[in-house]
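The values are calculated or read from the model by the stated rules, or taken from the named source; none is laboratory data. Model, not experiment: these values are computed from the prediction. Quick reminder, even Gly has a Cβ in these numbers, built from the backbone with ideal geometry, and neighbours come from all protein chains shown. Heavy atoms of the whole protein, side chains included, go into the accessibility calculation; ligands, DNA and RNA do not. Shrake-Rupley method; radii C 1.70, N 1.55, O 1.52, S 1.80 Å.
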Amino acid sequence: MPISKIIDTGVTGLDIDSSGRILTPVRPTFKVTTATSQSISNATYTKMQWTTTAFDIGSNFDLTNNEYVVPIDGIYCISTLARCTATGGTMDMVTVRLDIANSSGTTLYEVDLIQMHPATNQLDNSHLGGTTLLDLNATEKVSVEVRIDGSSPTIGSSAAQYNWFCGHLVG
């Protein structure tokens, strides 16, 4: 007898459609965006602030603290994109990284997604991001931090498509 769905207490955990595609409708997945500029201090790592939840399967993104709270142990695919600016083409260095903290908020480690060192005073704005796989434990917290060396640095912009943070459980 072919199995097309596995159901536990009325919640579909696995769905196989007629062409054999496997869907996991309750897999922890999130995407947040911002359409707001955030002024940051020169040459200082600063946590990005997110304003809008595009989706959050499992309700694990803490929009108040701008961090994803890992619901279960596993391998997660995490991606982000940030618009970074400094006035008058003064951006000398920019780094976008992930901060992984324990349940108390103490940083366990950071993962640089991208670091760029342009020639002195060559950039006014840039859209930087990256993707990585992380082996995360339940209750750990993941956030995005940005550092810009330049005059009047800001992250974010008026367009949400330039600023996002997303991820999902791979397995």
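Can you give the FRET efficiency for Ile22 and Tyr109, using 1/(1 + (r/R0)^6), R0 = 41 Å, r = Cβ-Cβ distance, to the nearest 0.05?
That gives a FRET efficiency of 0.80.
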Expected max-MSF residue from Gly156, Gly129, Gly74 in the GNM of the chain (alpha carbon, under 10 Å) is Gly74
Residue by residue through the stretch 148-155, which ³J(HN,Hα) values in whole Hz follow from phi under the Karplus form 6.51 cos²θ - 1.76 cosθ + 1.60 (θ = phi - 60°), with glycine and proline marked x?
10, 9, x, 7, 6, x, 9, 10
Whole-number percent relative contact order across the chain, with pairs defined as alpha carbons under 8 Å at least 6 apart
33
Can you give the FRET efficiency for Cys77 and Ser151, using 1/(1 + (r/R0)^6), R0 = 41 Å, r = Cβ-Cβ distance, to the nearest 0.05?
0.70
Taking the Cα centroid of the stretch 121-171 and of the stretch 17-37, what is the distance between the two, rounded to the nearest whole Å?
19
Between the modelled labels at Leu14 and Met116 (7 Å from Cα along Cα→Cβ) the distance in nm is 4.3
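If each residue of separation counts as 0.36 nm, what is the full-extension length gain between Ala35 and Val170 once their alpha-carbon separation is subtracted?
Details: separation 135, 0.36 × 135 = 48.60 nm, distance 2.82 nm.
My answer for the length gained is 45.8 nm.
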Could you please put Leu134, Leu81, Leu108, Leu63 in sequence from largest to smallest accessible area, using a 1.4 Å probe?
Leu108, Leu63, Leu81, Leu134
Interatomic Cα distance distribution for the chain, bins of 5 angstrom, percent:
2, 9, 16, 19, 17, 12, 9, 7, 4, 3, 2, 1, 0, 0
Obtain the radius of gyration and the Kirkwood radius of the stretch 52-96 from its C-alpha atoms and give Rg over Rh.
1.11
